[in-house]
1. Mind telling me which of the residues Thr195, Thr155 ends up being hydroxyl-bearing (Ser, Thr, Tyr) and free of Cβ contacts under 8 Å to residues at least 40 places away in the same chain?
2. Hey, among the residues in the range 129-144 that are touching a Phe, Trp or Tyr at 6+ places or on another chain (Cβ under 8 Å) and of a type outside the set (Phe, Trp, Tyr), which one's nearest to Gly184 (Cα to Cα)?
3. Only residues in the range 211-237 that are at positive phi count as the first member; pair them with residues that are among the hydrophobic types (A, V, I, L, M, F, W, C), Cβ under 7 angstrom, at least 6 apart or cross-chain, and list the lot.
4. If you scan the range 203-243, which residues turn out to be surrounded by fewer than 14 Cβ atoms within 10 Å (Cβ to Cβ) and of a type in the set (Val, Ile, Thr)?
5. Residues that are among the charged types (D, E, K, R) and modelled with pLDDT of 60 or more, at least 1 per element: which strands (runs of 3 or more DSSP E) completely within the range 93-145 meet that?
6. I'm trying to understand the selection: among the residues of the range 182-211, which are in contact with a Lys or Arg (Cβ under 9 Å, 6 or more places away or on another chain) and more than 18 Å from Phe171 (Cα to Cα)?
7. For Ile150, are the conditions met, namely being farther than 17 Å from Val130 by Cβ, out of contact with any His (no Cβ under 6 Å at 6 or more places or on another chain) and without any contact (Cβ under 8 Å) to a residue 40 or more places away in the chain?
8. Within the range 191-211, does at least one residue satisfy the condition of being in contact with a Ser or Thr (Cβ under 9 Å, 6 or more places away or on another chain) and of a type in the set (A, V, I, L, M)?
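The values are calculated or read from the model by the stated rules, or taken from the named source; none is laboratory data. This one's a predicted model, so the numbers in the text were calculated from it and none came from an experiment. When we count neighbours, we look across all protein chains shown, and the Cβ atoms used for this are built from the backbone with ideal geometry, even at glycine.
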Amino acid sequence: MQSSLLRIGGPMLCVILTLGLLMAGKSALTGSESMAVPDMTLETPDLGDVPTIGEDPAVSDTVPVEPDMEPMPFPPDAQKPVEDVTPVPVPEPPAVDTAPLSAPHEAPVDPATLEETILRHPVALSAGLVQFEGRTIQIAGVKPQSADRICRATTGDWPCGTVARTAFRNFIRARAFACRTPKGEWSGTVTARCTIGDDDPALWLARNGWAEVEGNDTALAAAVASAKMTTKGFYRTAAEPSSPPANPGP
């Protein structure tokens with residue numbers, strides 16, 4: 001009888017013990033999980049404390065300034081008085097002489113170094129300036145003139161330089177010049193006294209008012225003075241016609 005109870009109760013007791021152990025383990029696991037995860041409570045913020053975007057915060061929310069707060073003193077360097085700086089005088093620039101430069105003094109020409117040269121095929125470049133196959137002669141005693149010179153008259157401006165050149169060409173009429181030029185070969189432009197046959201080109205220019213005296217030649221000075229009185233050439237009071245006479249007299 002006892003042996004039969006042991007055969008039946010033994011397995012049941014093992015099953016009960018196993019169930020008890022399983023229940024005990026489950027309760028232990030549940031307790032540990034509840035202790036590991038704390039209870040979290042979500043708090044809803046108060047919307048009254050959140051400032052509205054675009055609006056200035058309330059004055060009461062700013063930190064008040066205590067009335068007895070003393071202002072911060074300036075740095076010691078800022079309280080120093082500004083020193084009086086005396087400007088340094090600037091020296092004046094040296095004076096510049098604005099007077100026009102005087103014409104260079106030409107040394108007198110030794111007649112022994114000159115010879116008479118016959119120059120053919122003249123071309124008048126302006127009144128008193130003649131070119132001969134690449135060499136140029138400026139007639140001595142008169143100032144160089146420009147063919148582009150413009151003269152003023154009571155009836156208006158007129159191209160007196162061009163008219164003077166045309167008149168001088170008509171006077172020359174392709175005649176040869178006899179000039180006192182430097183000995184030997186020379187080139188460029190030289191100032192020389194010349195004759196055309198029995199005529200003096202410098203005196204002809206002065207008499208007709210197409211020259212200005214350069215130097216102290218009394219005959220040329222008298223001829224220019226006479227041209228001014230008779231209003232010839234450059235000294236006309238009325239505008240010169242478009243072209244001078246074809247063959248003006250000497």
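1. Sole residue among the options that is hydroxyl-bearing (Ser, Thr, Tyr) and free of Cβ contacts under 8 Å to residues at least 40 places away in the same chain: Thr195.
2. First, the residues of the range 129-144 that are touching a Phe, Trp or Tyr at 6+ places or on another chain (Cβ under 8 Å): 130, 132, 135, 137.
Filter once more, so that each one left must be of a type outside the set (Phe, Trp, Tyr): 130, 135, 137.
Values: Val130: 20, Arg135: 13, Ile137: 16 Å.
Checking each candidate, the answer is Arg135.
3. Once the first residue is at positive phi and sits in the range 211-237, its partners that are among the hydrophobic types (A, V, I, L, M, F, W, C) give Gly233/Ala164; Gly233/Trp210; Gly233/Ala227.
4. Thr218, Thr230, Thr231, Thr237, listed by residue number.
5. Numbers: elements: 114-119, 123-126, 129-132, 135-139.
Counting at least 1 such residues, we get 114-119, 135-139.
6. Trp186, Ser187, Gly188, Thr189, Val190, Ala192
7. Considered against the rule, which asks whether it is farther than 17 Å from Val130 by Cβ, out of contact with any His (no Cβ under 6 Å at 6 or more places or on another chain) and without any contact (Cβ under 8 Å) to a residue 40 or more places away in the chain, Ile150 comes out as yes.
8. Looking through the range 191-211, at least one residue is in contact with a Ser or Thr (Cβ under 9 Å, 6 or more places away or on another chain) and of a type in the set (A, V, I, L, M).
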